[in-house]
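Peer 1: Encoded as structure tokens, here's the structure I'll be asking about.
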Amino acid sequence: MARLRIGIMFGGCSEEHHVSVKSAQEIARNLDLEKYEPFYVGITESGAWKLCEGPGPDWEKSGRRTVVLSPDRSVHGLLVLEQGRYGTIRLDVVLPVLHGRLGEDGAMQGLLELAGIPYVGCDVQSSALCMDKSLAYTVVRSAGIATPNFRTVTGDVKAEDVDLDGLSYPVFVKPARSGSSFGVSKASRKEELPGAVETARQYDSKVLIEEAVVGAEVGCAVLGDDPDLTAGEVDHIALSHGFFRIHQEDEPESGSENSTAIVPADIPAESRTLVRNTAKAVYRALGCSGLSRVDMFLKGDGTVVLNEVNTFPGMTSYSRYPRMMAAAGLPISEVIDRAVSSALAGKSR
């Protein structure tokens with residue numbers, strides 16, 4: 001049987017470029033080459049697309065050929081510029097291993113929709129919705145799921161004029177549409193708020209301010225399409241001090257200076273069940289498909305509060321999503337197979 005021709009896109013223009021490269025490296029290590037014929041497309045931080053041999057540390061040196069995704073559905077794949085001429089590579093499916101802006105926000109998904117190529121992960125609408133935390137909170141609240149109390153600040157409001165409008169300190173100040181923990185600060189008093197807002201504005205003109213939730217940080221990996229969803233084991237982020245700052249470590253492979261991810265979570269069995277069920281409910285409410293990681297807080301009274309949804313979570317050797325799935329008996333190779341099968345089954349989105 002012919003192998004599936006899979007385009008694997010990685011890198012990108014967001015602040016999570018380097019995390020994306022590491023995620024793609026892990027996927028490449030676990031890709032079954034008897035099933036798939038991979039075509040690696042690396043996107044530089046400046047936005048250039050290069051066809052390369054793979055997502056190794058020096059991938060840009062091997063990426064000598066310029067490539068673009070053709071919006072012409074008859075091409076159904078890539079246009080490769082070589083010696084002044086364009087060749088074509090037809091793709092069966094695309095795995096967009098991209099994090100953050102222009103990767104998880106619906107932009108790449110829209111381009112793939114125009115090209116008519118099935119792709120792994122959430123569609124345009126759910127990607128954009130989950131990327132904007134304030135919009136995700138609004139939708140999830142309408143489905144009866146708890147979120148932090150919050151307000152948004154737009155670019156026309158001066159940082160020193162921001163009013164909490166009924167929120168209580170401490171608060172977390174975040175870019176509304178950014179990934180990982182880039183630009184996130186904790187403000188414990190009024191004097192700290194303007195600086196926190198300016199820090200968030202380095203990544204997004206729209207800023208989210210939310211009341212701190214007292215509770216354990218937990219997460220759940222979700223795979224598949226409604227109604228057939230698979231939830232991984234729940235994890236728990238144990239903190240020694242400060243707050244959880246994912247992908248901010250100098251050497252993340254060797255661990256974090258203030259946090260440890262415990263899988264399965266060291267919480268009661270009934271709480272793990274509640275977290276899984278809440279993750280699936282959030283996934284459905286936001287229209288997610290393919291895969292996502294749902295991050296939540298488990299409060300002392302046993303209730304669960306949404307934190308955020310990552311529509312293409314990290315897949316590195318130290319990332320939470322593959323660890324949660326592995327603990328549930330699904331190695332990353334099987335996650336890839338299921339996600340690709342899901343994309344092909346839903347190709348007429």
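The values are calculated or read from the model by the stated rules, or taken from the named source; none is laboratory data. Note that this is a predicted model, so its numbers are computed, not measured. Neighbour counts are summed over all protein chains in view; Cβ atoms, including those assigned to glycine, are modelled from backbone coordinates with ideal geometry. The protein model used for the area step is the full one, side chains on, heavy atoms only, and it has no ligands, DNA or RNA in it. Shrake-Rupley method; radii C 1.70, N 1.55, O 1.52, S 1.80 Å.
Peer 1: Would you mind giving the three semi-axes, in whole Å and largest first, of the ellipsoid equivalent to region 13-78 according to its Cα gyration tensor?
Peer 2: Listed largest to smallest, the semi-axes of region 13-78 are 19, 18, 11 Å.
Peer 1: Taking θ = phi - 60°, what integer Hz values does the Karplus form 6.51 cos²θ - 1.76 cosθ + 1.60 yield along region 329-335, in sequence order, with x for Gly and Pro?
Peer 2: Working through the residues one at a time gives x, 10, x, 4, 4, 6, 4 Hz.
Peer 1: What whole-number value in Å² describes the accessible area per residue of region 9-145 for a 1.4 Å probe?
Peer 2: 44 Å²
Peer 1: Mind listing the phi-derived Karplus ³J(HN,Hα) values for region 142-154, rounded to whole Hz, using 6.51, -1.76 and 1.60 with θ = phi - 60°, and x for any glycine or proline?
Peer 2: Karplus-based 3J(HN,Hα) across region 142-154 equals 5, 8, x, 9, 6, 9, x, 5, 8, 8, 10, 10, 9 Hz.
Peer 1: While we're on this one: So if each residue of separation counts as 0.36 nm, and I subtract the Cα-Cα distance between ASP72 and LEU344, what length gain in nm does that give?
Peer 2: In short, 96.0 nm is gained.
Peer 1: Summarise the accessible area of the chain (1.4 Å probe, protein heavy atoms) by the percent that is carbon and sulfur.
Peer 2: 48 percent
Peer 1: In percent, what relative contact order does region 109-190 have, based on Cα pairs under 8 Å that are 6 or more apart in sequence?
Peer 2: 23 percent
Peer 1: Please give me the summed charge of the neighbours of ASP266: other residues whose Cβ is under 12 Å from its Cβ, Lys and Arg +1, Asp and Glu -1.
Peer 2: Spelling it out: positives minus negatives among the neighbours equals -1.
Peer 1: Continuing with this model, one more query. By how many nm would the segment from THR230 to GLU334 grow when fully extended, if each residue of separation counts as 0.36 nm and the alpha-carbon distance is taken off?
Peer 2: 36.2 nm
Peer 1: Restricting things to alpha carbons, find the Rg to Rh ratio for region 103-192 using the Kirkwood radius for Rh.
Peer 2: Here the Rg-to-Rh quotient is 1.06.
Peer 1: Computed from the mean reciprocal separation of all distinct C-alpha pairs, what Kirkwood hydrodynamic radius does the chain have, in Å?
Peer 2: The Cα-based Kirkwood calculation yields 20.8 Å.
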